[in-house]
Amino acid sequence: MMLRRLICGFLFTAFAHAAHFDVRLTATTASGAKSQAGMDETPPIGGFNKRPVLKVKPGEEIRIDFLMTNVYTHDAFIDSGVRYYIVKQGALGQKAVPPIEGAPVQGSFNFALKPQAKIAVRTRVTITEPGVYLLRVESFNTQRDHEHFGAIDLDIR
């Protein structure tokens, strides 16, 4: 009886907080250094996973690739969106996301995404000011109890 309750509780928790998107984020420097991040979710603030770190020289080109897939088989996402940005932060691994107003790199768009449909973006950026930055791609306005994201810390020195 106890085992049945434990299994039912686990299944309920898994379905109540199911993943809606698979997010794959890759950042590659012109010199060939590369970091990859998979899907995380918020809440909690900053997600569950430790972020990978990519070391970058000031002014070095960074190629950013991300792929977001609707893995929620029950429904399409209508009037939802994805936002991506690079913003300066206080320290590597910082949990709180800094305000993105004035971020040197930012963009967003809305989408209607059927189950198993994908969105992919590739762009190139340079950051000239040394510091620690957060590269983040995140869903928004999904009308669910949490959002999904992928994130990499950029250590620019």
Excluding ligands, DNA and RNA, the carbon-plus-sulfur percentage of the accessible area of the stretch 52-149 with a 1.4 Å probe reads 52 percent
Treating the angle as unsigned and between 0 and 90°, give the value, to the nearest 10°, between the Cα long axis of helix 2-16 and the longest Cα principal axis of the chain. 50 degrees
Using 7 Å Cα-to-Cβ label points, what is the ASN141/ASP155 separation (nm, one decimal)? 3.7 nm
Before I look further, what does the chain give for accessible area per residue, probe 1.4 Å, in whole square angstrom? 55 Å²
Sparsely packed GluC sites (Glu not before Pro) within the stretch 101-149, loop by DSSP, other Cβ within 10 Å at most 14: GLU101
Trypsin sites (Lys or Arg not before Pro), restricted to the stretch 19-114: which are DSSP loop and have at most 13 other Cβ atoms within 10 Å? LYS50, LYS95
Calculated FRET value between GLN116 and ARG63, using beta carbons and R₀ = 22 Å, to 0.05: 0.25
R0 of 30 Å, Cβ-Cβ distance ILE45-VAL71: FRET efficiency to nearest 0.05: 0.80
With every protein chain left in place, what is the accessible area of ILE119 in Å² (1.4 Å probe, nearest 10)? 20 Å²
What pairs from LYS34/LYS55; LYS34/LYS57; LYS88/LYS118; LYS34/LYS95; LYS50/LYS88; LYS50/LYS95 go past 20 Å between their alpha carbons? LYS88/LYS118; LYS34/LYS95
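The values are calculated or read from the model by the stated rules, or taken from the named source; none is laboratory data. All values reported here derive from a predicted model rather than from experimental measurement. Every residue, glycine among them, receives a Cβ derived from its backbone with ideal geometry; neighbour counts consider all protein chains shown. Side chains are part of the model used for accessible areas, which takes the heavy atoms of the whole protein and leaves out ligands, DNA and RNA. Shrake-Rupley method; radii C 1.70, N 1.55, O 1.52, S 1.80 Å.
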